[in-house]
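Enquirer: Supplied in structure tokens, the structure appears directly below.
The values are calculated or read from the model by the stated rules, or taken from the named source; none is laboratory data. It should be emphasised that the depicted structure is a prediction, and the values quoted were computed from it without experimental measurement. Every residue, glycine as well, gets a Cβ built from its backbone with ideal geometry; the counts of neighbours run over all protein chains shown. To get the accessible areas, we keep the full protein, side chains included, count just its heavy atoms, and leave off ligands, DNA and RNA. Shrake-Rupley method; radii C 1.70, N 1.55, O 1.52, S 1.80 Å.
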Amino acid sequence: MAPRRSRETLIAAVAFILFALLPPVASAMNDTFFVFFAIRVMVFAIAAVSLSLILGFGALVSFGHAAYLGLGAYSVGILAEHGYWDVTISLPVTLLVCGLFAAVTGAISLKTRGVYFIMITLAFGQMAYYTATSLSAYGGDDGLTIWGRTEIFGASVLGDRTTFYYVVLGMLLLSYVIARVIVASRFGRVLQGAKQSEMRLRAVGIDPYWYRLVAYVIAGMMAGVAGALLANAAEFVSPAYMSWHRSGELIVMVVLGGLGSLAGSIVGAASFLILEEVLAHFTEHWRLIFGPLLVLVVLFGKGGLTAMLGGGRKNG
Amino acid sequence: MSATLLAVQTLNGLQLGILLFLIAAGLTLVFGVMDFINLAHGVQYMLGAYLAVTGYSLTGTFWGALLFGVLGALVVGLVLELLVFRHLYDRDHLDQVLATFGIILFLNEAVRTIWGSTPLTLPMPDLLSGSFELMDGLLYPVYRIALIVAGLVVAAVLYVLVTHTRAGMLVRAGATNAPMVAALGVDIRRLFMLVFGFGTMLAGFAGILAAPILVVEPGMGDNLLILAFVVIVIGGIGSIRGAFIAALIVGLVDTLGRGFATDIAKLVMSPSAANSVGPAIASMLIYLLMAAVLFFRPTGLFPARGG
């Protein structure tokens with residue numbers, strides 16, 4: 001266990017140092033694209049870490065996780081539309097909306113197992129998606145433009161690109177640390193134990209249902225924060241944030257990075273988006289390459305990128 | 001809401017249900033027999049429609065397009081089985097979801113590359129254009145009636161195949177307990193190829209039937225796939241009967257909901273509120289239905305699995 005944990009720390013440390021160094025390097029190169037791109041990577045890394053918490057450690061294949069990105073983004077967008085810009089309002093609202101949605105849908109979804117769980121989370125994701133497309137007051141299908149960024153105690157500090165960058169980085173670090181503390185706690189061990197043998201847990205008098213539900217709610221709220229940041233980064237909110245393709249992509253990021261590794265999810269999100277960006281640079285039909293690549297990774301790349309980096313984890 | 005409108009919407013609902021059944025049948029059997037989640041089943045529906053468009057430009061007739069589309073979808077499906085799917089049977093659901101997700105990305109993009117992003121149309125056969133007068137003042141297109149009939153015929157044939165033939169017996173047995181069937185000496189892989197090929201063809205057939213009344217565009221199978229999953233989850237995985245009943249329920253609930261939710265909402269709230277709430281509720285209805293069914297019956301209405 002120990003070497004694996006130190007490898008996890010090493011990967012995370014390297015990732016965070018690279019993220020921290022990027023803005024000065026980019027400004028030295030006079031390149032703004034990388035900063036924008038890295039913000040996007042970090043936002044999706046937060047969402048991937050949150051999904052990793054339930055997927056990698058609880059074996060809960062949620063196929064509706066993009067809904068929380070959208071709920072967080074719409075919380076910010078709709079509040080802004082009504083003139084509420086401050087983080088002291090938008091953050092609690094985001095957490096509340098996502099937490100409630102996760103609590104209600106999770107309570108129902110977690111009654112089922114396996115493929116039924118995948119499908120029912122997908123169904124709830126679709127519900128959120130269709131709700132967003134029918135919000136004609138907030139742009140409906142076309143989405144909603146937000147004329148500015150969230151303010152912090154009345155000051156529009158996030159308008160500055162570098163400040164915004166480091167706020168996003170800070171949120172990623174916070175999410176990672178929270179997830180890691182959860183995984184290492186007694187609570188996290190129950191979650192992982194339920195993945196291995198539910199019956200054994202029940203035998204010692206623990207009902208994993210509540211543990212799973214709490215983890216599900218935490219993951220939803222974390223992804224909601226990612227959504228709120230995404231809305232700020234793009235200054236735009238769209239139902240497309242919640243499409244089931246997006247949920248699929250989040251799963252890909254987590255699995256690409258390696259199941260059961262939080263730092264891996266950050267690496268997975270980064271590799272996914274970089275690959276997408278690079279391929280899209282060569283051809284607009286980048287999915288023609290990306291799709292088969294994904295199939296090959298599934299067929300031959302057991303254990304994800306972190307396992308390849310460390311070369312340690314055995315198959316299975 | 002007049003009686004005529006209700007009749008039209010009911011027929012449209014049946015028609016959507018029939019299409020959903022054609023897609024769900026293959027999906028549910030593949031899942032029931034091989035425990036395999038195939039997200040790429042929806043792209044077979046899309047491929048059927050696109051190949052039919054090409055078949056039409058080659059032959060100039062709807063029937064040529066139909067043949068070309070069905071056979072083309074079958075070939076693509078079998079090639080995919082050979083190249084990818086058979087390596088995934090023993091993997092967990094997550095791997096299957098990921099790999100078939102990759103196939104969706106690829107095929108959607110391939111279609112966009114080959115046929116372009118602009119929506120295409122497939123002309124109706126002359127024989128089936130025009131309308132019936134079902135009752136006073138109710139004209140209903142012949143093609144849509146034909147679609148319902150064709151779907152019902154296929155459903156009947158499928159029913160006979162599954163319940164009255166040896167292959168069908170093995171499929172049913174496989175859906176209930178695949179390891180046991182394999183232990184009895186049945187080549188379950190070949191059985192699966194049979195089921196898979198047949199399912200692929202049905203999905204392609206559904207796409208071709210839908211092509212003249214909907215537009216043919218990239219990604220058109222994605223939403224249908226989700227609906228088909230809703231159908232098989234409500235019906236009970238592996239159950240053809242469950243898929244049939246659930247498909248009709250979903251088709252009717254979805255269509256009638258879209259047709260009347262706003263009107264019903266107007267009974268209890270202001271017209272402007274109803275106009276924004278109605279469509280939202282309408283598109284959520286089937287997901288609410290699914291959540292409710294799963295809440296009370298976690299394995300669907302007609303579960304096929306023994307354990």
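Enquirer: Ignoring ligands, DNA and RNA, how do B:LEU122, B:LEU71 rank by accessible area with a 1.4 Å probe, largest first? Please list the in-between numbers first.
Expert: Working: B:LEU122 5, B:LEU71 90 Å².
Largest accessible area first, the list is B:LEU71, B:LEU122.
Enquirer: Can you send over the carbon and sulfur percentage of the accessible area for the protein assembly as shown, probe radius 1.4 Å, protein chains only?
Expert: That fraction is 68 percent.
Enquirer: Could you work out, residue by residue across A:282-295, how many beta carbons of other chains sit within 10 Å of that residue's beta carbon, and then give the average as an integer? All intermediate terms of the calculation are to be shown ahead of the outcome.
Expert: Working: counts 0, 2, 3, 5, 2, 10, 8, 3, 4, 12, 6, 3, 9, 13.
Mean shielding count: 6.
Enquirer: Assuming a ≥ b ≥ c are the square roots of the Cα gyration tensor eigenvalues, decide whether the stretch A:91-183 counts as rounded (a/c under 1.5), prolate (otherwise, with a/b larger than b/c) or oblate.
Expert: Working: a/c = 2.69, a/b = 1.34, b/c = 2.02.
Since a/c reaches 1.5 but b/c is at least a/b, the shape of the stretch A:91-183 is classed as oblate.
Enquirer: Could you rank B:THR100, B:THR4, B:THR299 by how accessible they are, 1.4 Å probe, largest area first? Before the final figure, lay out the partial values.
Expert: Numbers: B:THR100 0, B:THR4 45, B:THR299 70 Å².
Per-residue accessible area, sorted high to low, gives B:THR299, B:THR4, B:THR100.
Enquirer: Would you work out the Kirkwood radius for the stretch A:139-296? I mean one over the mean of 1/r across all pairs of different Cα atoms, in Å. It would help to have the intermediate numbers written out before the result.
Expert: On the way: mean 1/r = 0.0543 Å⁻¹.
About 18.4 Å, per the Kirkwood formula over Cα pairs.
Enquirer: Looking at the square roots a ≥ b ≥ c of the eigenvalues of the Cα gyration tensor of the stretch A:8-163, which shape do they give, rounded for a/c under 1.5, prolate if a/b is larger than b/c, or oblate? Walk me through the numbers on the way to the answer.
Expert: Working: a/c = 2.19, a/b = 1.24, b/c = 1.76.
Because a/c hits 1.5 or more and a/b fails to exceed b/c, the stretch A:8-163 counts as oblate.
Enquirer: Return, ordered by residue number, the residues of the stretch B:266-307 whose backbone nitrogen is under 17 Å from a label point located 7 Å along Cα→Cβ of B:ARG241.
Expert: Inside the label zone: B:299-307.
Enquirer: To continue, here is another question. What list of ³J(HN,Hα) values in whole Hz, one per residue of the stretch A:34-39 in order, does the Karplus curve 6.51 cos²θ - 1.76 cosθ + 1.60 (θ = phi - 60°) give from phi, with Gly and Pro shown as x?
Expert: My calculation for the stretch A:34-39 gives 4, 5, 4, 5, 5, 4 Hz in order.
Enquirer: I need the P(r) histogram for chain A: all alpha carbon pairs, bin width 20 Å from 0 out to the longest distance, whole percents.
Expert: 33, 59, 8, 0
Enquirer: About its Cα centre, what dipole magnitude does the stretch A:1-149 give when the only charges are +1 on Lys and Arg Cβ and -1 on Asp and Glu Cβ, stated in debye to the nearest 20?
Expert: Numbers: 7 positive and 6 negative charges, 139 e Å.
Roughly 660 debye for the stretch A:1-149.
Enquirer: Per residue of the stretch A:50-57, in order, report the coupling 6.51 cos²θ - 1.76 cosθ + 1.60 (Karplus, θ = phi - 60°) as ³J(HN,Hα) in whole Hz, putting x for Gly and Pro.
Expert: Result, ordered by residue: 5, 5, 4, 4, 8, 7, x, 10 Hz.
Enquirer: What fraction, in whole percent, of alpha-carbon pairs in the stretch A:1-99 exceed 24 Å separation? Write out the running numbers ahead of the final one.
Expert: Details: 2232 of 4851 pairs.
Here the tail beyond 24 Å accounts for 46 percent of pairs.
Enquirer: Follow-up question, since we're still on this one. Through the Karplus equation 6.51 cos²θ - 1.76 cosθ + 1.60, θ set to phi - 60°, convert the phi angles of the stretch A:156-168 into ³J(HN,Hα) values in whole Hz; use x for Gly and Pro.
Expert: 8, 6, 6, x, 6, 4, 5, 4, 4, 4, 6, 5, 4
Enquirer: With each pseudo-label sitting 7 Å past Cα toward Cβ, what's the A:SER185-B:HIS164 distance in nm, one decimal?
Expert: If labels sit at A:SER185 and B:HIS164, their model points lie 6.3 nm apart.
Enquirer: Along each principal axis of its Cα atoms, how long is chain B end to end? Whole angstroms, biggest number first, please.
Expert: Sorted from largest, the Cα extents of chain B read 61, 51, 37 Å.
Enquirer: Select from chain B the helices, each a whole stretch of DSSP H, whose alpha-carbon atoms run 20 Å or more along the helix axis and whose Kyte-Doolittle mean is at least 0.0; answer none if there are none.
Expert: Details: long enough: B:3-34 (45 Å, 1.88); B:41-59 (27 Å, 0.59); B:62-83 (31 Å, 2.29); B:93-115 (32 Å, 0.95); B:142-164 (32 Å, 2.15); B:188-210 (33 Å, 1.63); B:220-235 (23 Å, 2.26); B:240-268 (39 Å, 1.29); B:271-296 (35 Å, 1.62).
Helix filter hits for chain B: B:3-34, B:41-59, B:62-83, B:93-115, B:142-164, B:188-210, B:220-235, B:240-268, B:271-296.
Enquirer: Rounded if a/c is under 1.5, else prolate if a/b beats b/c, else oblate: with a ≥ b ≥ c from the C-alpha gyration tensor eigenvalues square-rooted, which is the protein assembly as shown?
Expert: Numbers: a/c = 1.66, a/b = 1.36, b/c = 1.21.
The shape class here is prolate.
Enquirer: In the stretch B:7-40, which residues become less accessible by 20 Å² or more once every protein chain is in place, relative to the chain on its own, using a 1.4 Å probe?
Expert: Buried by the other chains: B:ILE37, B:LEU39.
Enquirer: Leaving out ligands, DNA and RNA, calculate the buried accessible area for the pair A and B with a 1.4 Å probe, summed over both sides, in Å² to the nearest 100.
Expert: Numbers: alone 15160 and 14350 Å², together 25660 Å².
What A and B bury together is about 3900 Å².
Enquirer: Under the 0.36 nm per residue contour assumption, what length would be gained going from the current alpha-carbon distance of A:LEU100 and A:ASP141 to full extension?
Expert: Details: separation 41, 0.36 × 41 = 14.76 nm, distance 2.42 nm.
Contour length minus the Cα-Cα distance gives 12.3 nm.
Enquirer: Next question, about the same structure. So, in nm, how far is label B:PHE260 from label A:VAL214 when the simple model puts each one 7 Å beyond its Cα toward the Cβ?
Expert: Going from the B:PHE260 label point to the A:VAL214 one covers 4.7 nm.
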